[in-house]
Amino acid sequence: MPHSRRRFFKIGTTLGGMLAQGARALSDVQVPGPTFELPRSELEKIARTFTYGVASGDPLPDRVIIWTRVSSEASSVPVRWQVSLDPEFYNVVAEGGASAEASRDYTVKIDAVLPLPDTTYYYRFRALDCWSMIGRTRTTPIDKQNIRLAIVSCSSIWSGYFNAYEVLARRNDINAIVHLGDYVYDVPDPDECRNLPSDAINSSNPNSLEAIRQRYRYYRKDPFLRHAHQQHPWVVVWDNHDIENNAGKAASIQAFHEWIPIRSPAPGDESRIYRRLSFGGMLDLIMLDTRHIGRDSISGTTGKKSILGDEQFDWLSDELRKSTAHWRIIGNQVLLASCKIFGRPISEKLWDGFPADRERVLRTLSDLSITNTLVVSGDAHFSFAANLDIDHKPVAVEFLPTSVNRGNLDEQVKKSFQGIAALGFHAAVKTFNPHIRYFNSTAHGYGIVDLRDEGANLEFWYLPYVDITLDQTMAYAAYVGSGEQRITAQHTEVSTGLSCGVPATREPKLYQSSIELGGSGGAYFDDLEHLALTARLTGLKLRCGDRVDAITACYADGSSLTHGGPGGEEKVLQLRDDEYIRQVHIGAGRFRGMVSVHYLKFVTSHGRILEGGKNSGKNLKFAADSGRHILGFRGRGGQELDKIGPIFAPDFA
């Protein structure tokens, strides 16, 4: 019976508690290896050609953008694409040809015209004699019906794991994922260097078009991000970290349009991304650019500094005026509501720094009697639900869910308000800003907007990001009654809605990582950064005493990867030509308050054993299925081996 990756996660979420309790033996717990449903040769071909997966975005009732990237060194590669009503592609409804050009980093974007609104479709590409993995997408409805959007922002690949993306990939009840900016980051936060890559190019400030393209490549190698793109259409806008780096805005904007499945609202002018997407009679989604195109200009109307610019403000006003949908959502990168402490804005880079523009947006809603308007925002790294008023009249509600995993309470807030530490930041925010109905400055995750005739439910979903887990909690839901323009209730029940149809078959992968066991010390490592598609393990070395100090994996091409420190005695296992590692037993424990790897035991296909460290009898066993083996590792290492988990691969023919 095939074992799903869900079982990996289900076991992984219990490990911390089991380790802390100490009395519960891990020896009874076995983590099965993943299954590989295609021959190794096919998996290698897919991994080589479609390394960065597939994606879709900007859905409309009759079309959607589909995206992929072909890995090649030719100047141009012919590409075929297909869209079907079923995942087996018996009912192909649209197909055509394109080319992956070196000038666009071999990315391919197709605005696929589709016959049916409110319909789930499946799509794929073919290049270099290879079919891609299958993606799933969905057109928007024409009529009025329940609409559900996931809201995310601020995703730093170095801060921790993209657990929120994996949870969203598995949700089957959302129309689209809306990303409000900082999809990629220029540099790690100095306080959040948890998962730094071994190659500095993947964490240093990009200084060229090629470097910013490489940043997107590095992000898209994350399996959780690829999975979320594979299963749902996305609507994305940039924020400062996406386009402000040493490569310059022109290069960053080009790379953004190459790698993001966005439909350009102004062909020939990639600097404009503000646009409207119709979700039928229920919703008009109006996406703004408050970071680049009009920011810091002087309005000819107000004479004040503008965050939108007059042209974008006029466009926004016109879209609000024309909208006949039951709800309007304004997608906006930065916090629109005022947030001040002792009369001082927490940041003047938010709409608090552009009060004239905020006033004219809110006054437009009031003067035109536009009801049922929500503002969804990102950037701030905290959770926030607030009423938006003008002249003491409620006109809209703002919903800022939190960051995916970038750190909360940025340095500006920390430095500016150290003097109010005794009062507490949460209490201060709510005391000085009574329009704020909910605030959280520590949790991470995503939001859900559930829209119906009678009202909107705005849900804050939280989950950890330091370790891999699917455990999540809905902490708070603000309810906005239709026609009220303010938060009218707090809901505790989770909303449910549409079904998106059968998920796309999970991406076939040559290499698959498992969960990890151990502590949080040391530096992050992931052998997938180094392993070639034809890598073959030839031997293992352990350095150990009472604990495991280091592990070295040796490969047929003469390379080796070492993680950990120089202590302990060395133990060596040289694999024979037809021999593979089939099992690893991992034992972790505490020493001087720190959790690390205390025991490792490897079992080969010939029954030979390499073990080191002190066996407490409380171990986790990772076993590869028949025809599969352990090729490398992911975890953390410093002076000792702090954490480790295996990477699986199919055997060679």
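With each pseudo-label sitting 7 Å past Cα toward Cβ, what's the Ser369-Val113 distance in nm, one decimal?
Between Ser369 and Val113, the simple spin-label model gives 4.0 nm.
What's the extension gain from Ser75 to His392 if we count 0.36 nm per residue and subtract their Cα-Cα distance? Working shown, then result.
Working: separation 317, 0.36 × 317 = 114.12 nm, distance 6.03 nm.
That works out to 108.1 nm of additional length.
For Ala102 and Asp129, FRET efficiency with R0 = 22 Å and r from the beta-carbon atoms, rounded to 0.05? Can you show the working numbers first?
Details: r = 19 Å, r/R0 = 0.89.
Here the calculated transfer efficiency is 0.65.
Taking R0 as 22 Å, what FRET efficiency do you get between Thr505 and Met474 from their Cβ-Cβ distance, rounded to the nearest 0.05? Please report the intermediate quantities before stating the final value.
Working: r = 29 Å, r/R0 = 1.31.
E(calc), rounded to 0.05, equals 0.15.
Within the set of other residues whose C-beta is less than 9 Å from the C-beta of Thr139, count the net charge using Lys and Arg as +1 and Asp and Glu as -1.
0
Please sort by residue number the trypsin sites (Lys or Arg not before Pro) in the range 561-643 whose DSSP state is loop and whose Cβ has at most 16 other Cβ atoms within 10 Å.
Passing both the DSSP loop test and the Cβ count: Arg576, Arg592, Arg608, Lys614.
In nm, to one decimal, how far is the modelled label at Arg576 from the one at Asn246, with both set 7 Å along Cα→Cβ?
About 5.2 nm, to one decimal.
What residue among Leu533, Tyr580, Ile147 has its Cα farthest toward the positive end of the dipole of the chain, where the charges are +1 on Lys, Arg and -1 on Asp, Glu, each on the Cβ?
Most positive-ward Cα: Tyr580.
Given Cβ point charges of +1 (Lys, Arg) and -1 (Asp, Glu) and nothing else, what value in debye, to the nearest 20, does the dipole of the chain about its Cα centre take?
Working: 74 positive and 77 negative charges, 248 e Å.
For this selection, approximately 1200 debye.
Quick one: if you stick a label point 7 Å off each Cα along the C-beta vector at Arg217 and Arg590, how many nm between them?
4.4 nm
Sum up the charges of everything whose Cβ sits under 13 Å from the Cβ of Tyr580, counting Lys and Arg as +1 and Asp and Glu as -1, but leave Tyr580 out.
That sum, taken over residues with Cβ under 13 Å, equals +1.
What number does the chain give for Rg over Rh if you use C-alpha atoms and the Kirkwood radius?
Across the chain, the Cα-based Rg/Rh ratio is 0.98.
Run the accessible area of the chain with a 1.4 Å probe and give the carbon-and-sulfur part as a rounded percent.
49 percent
Treating the beta-carbon of each Lys and Arg as +1 and of each Asp and Glu as -1, no other charges, what is the dipole magnitude of the range 585-636 about its Cα centre, to the nearest 20 debye?
So the dipole magnitude of the range 585-636 works out to roughly 240 debye.
Taking the Cα centroid of the range 297-326 and of the range 52-115, what is the distance between the two, rounded to the nearest whole Å?
34 Å
Choose one of Val187, Gly57, Ser271: the residue whose Cα lies farthest towards the positive end of the charge dipole of the chain (beta-carbon charges +1 Lys, Arg; -1 Asp, Glu; about the Cα centre).
Positive-end residue among those listed: Val187.
What per residue convex hull volume, in Å³, do the alpha-carbon atoms of the range 432-521 yield?
158 Å³
Which residue, chosen from Trp351, Pro394, Gly447, occupies the Cα position most advanced towards the positive end of the dipole of the chain, where the dipole is computed from +1 (Lys, Arg) and -1 (Asp, Glu) charges on Cβ about the Cα centre?
Gly447
Report the gain in length on full extension from Asp453 to Arg48: 0.36 nm times residue separation, minus Cα-Cα distance, nm rounded to one decimal.
On the way: separation 405, 0.36 × 405 = 145.80 nm, distance 4.77 nm.
Full-extension gain reported as 141.0 nm.
Compute the signed sum of charges (Lys and Arg +1, Asp and Glu -1) over the other residues within less than 12 Å, Cβ to Cβ, of Asp111.
Residues close to Asp111 contribute a combined charge of +1.
May I ask which of Lys509/Lys614; Lys571/Lys618; Lys349/Lys430; Lys621/Lys643; Lys601/Lys643 have a Cα-Cα span longer than 26 Å here?
The answer is Lys509/Lys614.
Report, in whole Å, the centroid distance computed from the Cα atoms of the range 538-611 and the range 173-240.
Taking the Cα centre of the range 173-240 as reference, the centre of the range 538-611 is 32 Å away.
Could you work out [θ]222 nm for the chain from helices alone, using -39500 (n - 2.57) per DSSP H run of at least four and dividing by all its residues? Round to the nearest 500 deg cm²/dmol. Please list the in-between numbers first.
Details: 11 runs with 111 residues, N = 653.
Helices in the chain give a 222 nm mean residue ellipticity of -5000 deg cm²/dmol.
Run the reach check for Lys305 against aspartates and glutamates, Cα to Cα strictly under 18 Å, same-chain hits fewer than 8 apart removed. What comes back?
Asp289, Asp296, Asp314, Glu348, Asp352, Asp357, Glu359
The values are calculated or read from the model by the stated rules, or taken from the named source; none is laboratory data. These figures come from a predicted structure and were not determined experimentally. Quick reminder, even Gly has a Cβ in these numbers, built from the backbone with ideal geometry, and neighbours come from all protein chains shown. What goes into the accessible areas is simple: the full protein's heavy atoms, side chains included, and nothing from ligands, DNA or RNA. Shrake-Rupley method; radii C 1.70, N 1.55, O 1.52, S 1.80 Å.
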